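Structure first, commentary second.
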Amino acid sequence: RTSKMLKAAEKYEIDVLGVLTPANIYDDGKIKSDFLRESEVDEYKAFLNVLLNEELVKNNVSKLEVMNEPSFLYDVVDGEEVGTDVAGMKKRAVAYGRMVKATNEVVDSLDKDYKIGILSLTGLTEITSKNFADLAFSELSPGDFDTLSLHPYVSAARNPESDLMKKSAREQSDYYKNLANGSVKGNSTKNTYNLNISEHEQLIKKAVSE
């Protein structure tokens with residue numbers, strides 16, 4: 001199925017976003033699932049190396065998103081179910097940082113420059129999302145990723161193309177960019193970071209203008 005999708009993307013010149021997950025969150029009717037376990041890191045890197053060297057992937061995927069909404073859809077860390085309080089978000093962030101670093105390690109070894117997007121958050125104004133971003137950034141260093149992936153969903157009753165919604169999306173995105181770049185302090189740690197997000201600015205400008 002994936003091969004058919006990538007062949008169609010190649011035919012119609014569509015750039016596919018590759019979403020990397022440690023487990024299929026939809027298996028067996030599960031709504032939530034596990035983060036990458038520490039014991040699985042080497043296996044994950046070996047798998048990712050093979051995947052990203054596949055010709056269909058190399059020709060049609062240029063950007064990678066590390067997990068989909070990890071602060072919401074995943075709640076098991078190294079076999080332990082964790083909550084949404086700061087302590088639970090810290091455990092999520094440690095496991096998430098582990099996967100981001102492993103992904104970057106593989107990408108750095110390849111002859112193709114895949115761009116790595118992180119966070120992949122929904123509910124951008126929620127405290128849990130802000131805490132997760134803060135704690136995830138505390139696990140990362142400049143060069144571990146390239147940009148931020150954010151999901152500024154709006155109510156179906158609202159027009160996402162309206163000036164108000166574009167302004168809201170821009171403000172929400174700016175918060176996370178500014179957190180990464182050090183002009184906003186972390187919600188839970190009060191840390192400041194210097195993670196050098198520049199491409200994010202270009203991507204958001206493009207999204208808002210379209």
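The values are calculated or read from the model by the stated rules, or taken from the named source; none is laboratory data. The structure presented is a predicted model; accordingly, all values stated were derived computationally and were not measured. Cβ coordinates were reconstructed from backbone atoms using ideal geometry, including for glycine residues, and neighbour counts include every protein chain displayed. Accessible surface areas use protein heavy atoms only, side chains included; no ligands, DNA or RNA. Shrake-Rupley method; radii C 1.70, N 1.55, O 1.52, S 1.80 Å.
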Subject >> Residues satisfying the stated conditions in the range 10-22, i.e. under 22 Å from the mean Cα position of the chain (by Cα) and either of a type outside the set (V, I, T) or open to solvent by 40 Å² or more (accessible area, probe 1.4 Å) (or both) >> reply: I14, D15, L17, G18, V19, L20, T21, P22
Subject >> Residues (closer than 22 Å to L121 by Cβ and over 17 Å from the mean Cα position of the chain (by Cα)) located in the range 40-76 >> reply: V76
Subject >> A207 being outside any helix (DSSP H, G or I), modelled with pLDDT under 95 and open to solvent by 50 Å² or more (accessible area, probe 1.4 Å) >> reply: no
Subject >> Subset of the range 85-105 (residues that are of a type in the set (V, I, T) and buried (at least 21 other Cβ atoms within 10 Å of the Cβ)) >> reply: V100, T103
Subject >> Residue among L110, L135 that is in a loop (DSSP other than H, G, I, E, B), of a type in the set (A, V, I, L, M, F, W, C) and either at pLDDT 90 or above or within 27 Å of F47 (Cα to Cα) (or both) >> reply: L110
Original post:
Within the group S168, S155, S162, S71, which residue is modelled with pLDDT under 95 and touching a Phe, Trp or Tyr at 6+ places or on another chain (Cβ under 6 Å)?
Top reply: S71
**OP:** Output the qualifying pairs, or none if there are none: Cβ atoms under 7 angstrom, residues six or more apart or on different chains, first residue in the range 66-84 and of a type in the set (S, T, N, Q) and open to solvent by less than 70 Å² (accessible area, probe 1.4 Å), second residue at pLDDT 90 or above and in a strand (DSSP E or B).
**Re:** N68/V19; N68/S120; S71/L121
Subject >> Qualifying residues in the range 162-188 (those that are open to solvent by 50 Å² or more (accessible area, probe 1.4 Å) and in contact with an Asp or Glu (Cβ under 9 Å, 6 or more places away or on another chain)) - the one nearest to K130 (Cα to Cα) >> reply: N187
Subject >> Residue selected from the range 25-55 under the condition open to solvent by 40 Å² or more (accessible area, probe 1.4 Å) and more than 23 Å from E105 (Cβ to Cβ), by the criterion modelled with the highest pLDDT >> reply: K32
